[in-house]
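Reading through the structure tokens given below for one structure.
The values are calculated or read from the model by the stated rules, or taken from the named source; none is laboratory data. Just so you know, these numbers come straight off a predicted model, no measurement behind them. Backbone-built Cβ (ideal geometry, glycine too); neighbour counts: all protein chains shown. Ligands, DNA and RNA are stripped out before the accessible areas are found, and what is left, the full protein with its side chains, is counted by its heavy atoms. Shrake-Rupley method; radii C 1.70, N 1.55, O 1.52, S 1.80 Å.
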Amino acid sequence: MNVEIIGDREFITSVQEQDGVWVLMAGQSLYALQAEGGRDLPVWSSAEKAEVFAENLDQSGLSPVFVQMSDFVGAAWLGSTSLQIVEVLASPRFGHESLTYTAEELRARLKT
């Protein structure tokens, strides 16, 4: 079994158990990365992991915000045409490659 499969199982189980994910926001501004065709959205399975990531960024005012699973997989987030999320980075950490899902893949994984 490879590390990616273990990381996938751990991430999916964690966000399903807490019924949501953590994102970084500064006020009403969402932290996301520009990507081809839209945005890559980093999400975390805990506020602590998101805070550690935010501390390493060269941006002030970012704080973790919890997003309920029903909102996250629905039209407000992953299904939103205005947010244009094409990929989701699962609990990224500096210096490590992130487990990455397309928005559709993650929606399917979280609904199971």
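Structure above, values below:
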| quantity | calculated |
| --- | --- |
| Region 58-82 residues that are closer than 24 Å to residue 37 by Cβ, paired with ones that are part of a strand (DSSP E or B) and open to solvent by less than 30 Å² (accessible area, probe 1.4 Å) (beta carbon under 6 Å, 6 or more apart) | 67/20; 67/21; 67/23; 72/21; 78/85 |
| Residue check for residue 82: exposed (fewer than 12 other Cβ atoms within 10 Å of the Cβ) and within 13 Å of residue 15 (Cβ to Cβ) | no |
| Test: residue in region 24-35 that is open to solvent by less than 30 Å² (accessible area, probe 1.4 Å), touching a Phe, Trp or Tyr at 6+ places or on another chain (Cβ under 6 Å) and closer than 13 Å to residue 106 by Cα | no |
